[in-house]
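S.K.: Below: one structure in structure tokens.
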């Protein structure tokens, strides 16, 4: 695997938008809900998630292909340098779309191998959806994503970073879920972030 995202991009204002920080919150929240003793983060990015969790006292290790990001380990998701069941939770967010889809199952198998319990992954989802946010007195806030009827699927073209995205031609959500199930995982839940619908999370159980 080659480095696709320039080191400098992770630290630009244009990269870390308010929406992306909401995605970081979901990564952290899903991990904290599990309250694991050991965590592996695949793809360190700007280090925000791992730094925060370390400061909260969690035992988290990081791995990335770019040594300039200073991960704990240098390596990639297709060949993780860890023993079986080494971590209670493996987090792999906005990483898997950076590899060709024919390698998706291999990556899932490696994640399955090194976790002994859970995996948290997120993948871009371009399926059209509108956000409905209503404030009702004495009831509170009601939020809902409205997914629009199918339209002609866009063919994904490799843009130098992403090989594929959910919702584009040949990559429907049910195909991704099916391949996750075939890897041995059970999908406990999947959802798109209301404030950042481009990111879809999958919470997986071994």
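The values are calculated or read from the model by the stated rules, or taken from the named source; none is laboratory data. Please read these numbers as outputs of a predicted model, since none were measured by experiment. Neighbour counts are summed over all protein chains in view; Cβ atoms, including those assigned to glycine, are modelled from backbone coordinates with ideal geometry.
S.K.: Which pairs have Cβ atoms under 9 Å, sit 6 or more apart or on different chains, and link a residue in the stretch 170-183 that is surrounded by 13 or more Cβ atoms within 10 Å (Cβ to Cβ) to one that is in a loop (DSSP other than H, G, I, E, B)?
M.R.: Listed pairs, sorted by first residue: 171/153; 171/156; 171/164; 171/165; 172/127; 172/153; 173/127; 173/167.
S.K.: OK, next. Would you confirm whether any residue within the stretch 128-143 is at pLDDT 85 or above and in a loop (DSSP other than H, G, I, E, B)?
M.R.: Scanning the stretch 128-143 turns up at least one residue that is at pLDDT 85 or above and in a loop (DSSP other than H, G, I, E, B).
S.K.: Is the stretch 172-186 home to any residue that is touching a strand residue (DSSP E or B) at 6+ places or on another chain (Cβ under 7 Å), in a loop (DSSP other than H, G, I, E, B) and at pLDDT 95 or above?
M.R.: Within the stretch 172-186, one or more residues are touching a strand residue (DSSP E or B) at 6+ places or on another chain (Cβ under 7 Å), in a loop (DSSP other than H, G, I, E, B) and at pLDDT 95 or above.
S.K.: Can you pull out the residues in the stretch 190-205 that are within 20 Å of residue 116 (Cβ to Cβ) and surrounded by fewer than 17 Cβ atoms within 10 Å (Cβ to Cβ)?
M.R.: Matches in the stretch 190-205: 205 only.
S.K.: Give the number of residues within the stretch 97-116 that are crowded, with 19+ Cβ neighbours inside 10 Å and either at positive phi or outside any helix (DSSP H, G or I) (or both).
M.R.: Matching residues across the stretch 97-116 total 2.
S.K.: Still on this structure, please answer the following. How about the stretch 4-20: which of its residues are surrounded by fewer than 13 Cβ atoms within 10 Å (Cβ to Cβ) and part of a helix (DSSP H, G or I)?
M.R.: 7, 8, 11, 18
S.K.: Please enumerate the residues belonging to the stretch 74-96 that are in contact with a helix residue (DSSP H, G or I) (Cβ under 6 Å, 6 or more places away or on another chain), within 14 Å of residue 63 (Cα to Cα) and either surrounded by fewer than 17 Cβ atoms within 10 Å (Cβ to Cβ) or without any contact (Cβ under 8 Å) to a residue 12 or more places away in the chain (or both).
M.R.: Hits for the stretch 74-96 are 74, 78, 86.
S.K.: Here's something else I'd like to know. Only one of 74, 3 is farther than 23 Å from residue 173 by Cβ, at pLDDT 95 or above and more than 16 Å from the chain's Cα centre (by Cα). Can you tell me which?
M.R.: 74
S.K.: Additional query: Scanning for something surrounded by 13 or more Cβ atoms within 10 Å (Cβ to Cβ) and touching a residue at least 24 places away in the same chain (Cβ under 8 Å), does the stretch 137-145 turn up at least one residue?
M.R.: Yes, there is a match, as at least one residue in the stretch 137-145 is surrounded by 13 or more Cβ atoms within 10 Å (Cβ to Cβ) and touching a residue at least 24 places away in the same chain (Cβ under 8 Å).
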